[in-house]
Amino acid sequence: MMHRPPAWALDGSERLPLEGFLESFGAAWARTERRFLKLECWQSYREADGVRSQEAFQAGDTALARRLLEEEAMGDQPLRDDVRARNLEFTRIRLLSYPLTDYLRYEMINYEVRSRLGENIEFLVPPSPVEGYFDFLLFDAHTALIHDYGPGPVGYQSGGWVTHHPKTLYRLFDIATDLRARGERVHPLNDTSHKSRI
């Protein structure tokens, strides 16, 4: 199965429905003082129904998709303002496998918009198959949220798990550190070196 969290990551965790996952995000965010880290692994996600930007992209209207993504990104401005006001390290680590999926070609527009607005997104080709990694959010060293996107091949979130277990939190941080140290850094938003693989 693709991108499934291993048993050690869920040991001592609490399973949450999607609503509980979002509530736990708010509680963990309020406690965060230094660092928020997000690891994104799936190469295709199924967005919630009615995401107009994705519908426009799928219909071939890239210009409309970009305008809608810019509108959606502006809805997150309070979060970016909070990051700046609290001087938080806020990083998205996005794992890529080439050639890019249709979903990731759509997401690249989103990443370009959000990068321009000041979000820090690191693109990495992992040192081992991307399917072996799983999505999680890490809040300082006090909380992790681990996504449940089902068995694949397209991720659709049904909830996830919350953990405060110190060993789990350190191992998750080690995963991110290892990816940053051993993964191949790529620059798909402004680098043409991988265009032939896209």
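The values are calculated or read from the model by the stated rules, or taken from the named source; none is laboratory data. Everything numeric here is computed off the predicted structure, so don't read it as measured data. Cβ sites come from the backbone with ideal geometry, for glycine too, and all protein chains shown count toward neighbours.
When you scan the stretch 45-67, do you find a residue that is in contact with a His (Cβ under 9 Å, 6 or more places away or on another chain), surrounded by 14 or more Cβ atoms within 10 Å (Cβ to Cβ), closer than 24 Å to TYR106 by Cβ and not basic (Lys, Arg), even just one?
Going residue by residue through the stretch 45-67, those that are in contact with a His (Cβ under 9 Å, 6 or more places away or on another chain) are none.
Within the stretch 45-67 (the criterion being in contact with a His (Cβ under 9 Å, 6 or more places away or on another chain), surrounded by 14 or more Cβ atoms within 10 Å (Cβ to Cβ), closer than 24 Å to TYR106 by Cβ and not basic (Lys, Arg)), the answer is no, since none of the residues qualifies.
For the stretch 146-193, a tally of residues being in a loop (DSSP other than H, G, I, E, B) and at pLDDT below 95 returns 16.
The residues on offer are PRO99, PRO78, and the sole one that is touching a residue at least 60 places away in the same chain (Cβ under 8 Å) and either on the phi > 0 side of the Ramachandran plot or more than 17 Å from the chain's Cα centre (by Cα) (or both) is PRO99. If you go through the stretch 112-131 and keep only what is without any contact (Cβ under 8 Å) to a residue 24 or more places away in the chain and in a helix (DSSP H, G or I), you end up with just ARG116.
Could we say that LEU137 is aliphatic (A, V, I, L, M) and more than 15 Å from the chain's Cα centre (by Cα) here? If you could, list the steps in order and put the result at the bottom.
Numbers: aliphatic (A, V, I, L, M): yes; more than 15 Å from the chain's Cα centre (by Cα): no.
No.
The sole residue among ARG84, ARG105, ARG94 that is of a type in the set (D, E, K, R), surrounded by fewer than 15 Cβ atoms within 10 Å (Cβ to Cβ) and within 19 Å of the chain's Cα centre (by Cα) is ARG105. The C-beta contact set for the stretch 1-18 (first residue under 14 Å from TYR149 (Cβ atoms), second residue assigned to a loop (DSSP other than H, G, I, E, B) and among the small types (Gly, Ala, Ser), distance under 6 angstrom, 6+ apart or interchain) comprises MET2/GLY152. Restricting attention to the stretch 19-28, the residues that are surrounded by 16 or more Cβ atoms within 10 Å (Cβ to Cβ) and either among the hydrophobic types (A, V, I, L, M, F, W, C) or without any contact (Cβ under 8 Å) to a residue 24 or more places away in the chain (or both) add up to 3.
Is it the case that PHE134 is surrounded by 14 or more Cβ atoms within 10 Å (Cβ to Cβ), in contact with a Cys (Cβ under 8 Å, 6 or more places away or on another chain) and either touching a residue at least 12 places away in the same chain (Cβ under 8 Å) or assigned to a loop (DSSP other than H, G, I, E, B) (or both)? Yes: the conditions hold for PHE134.
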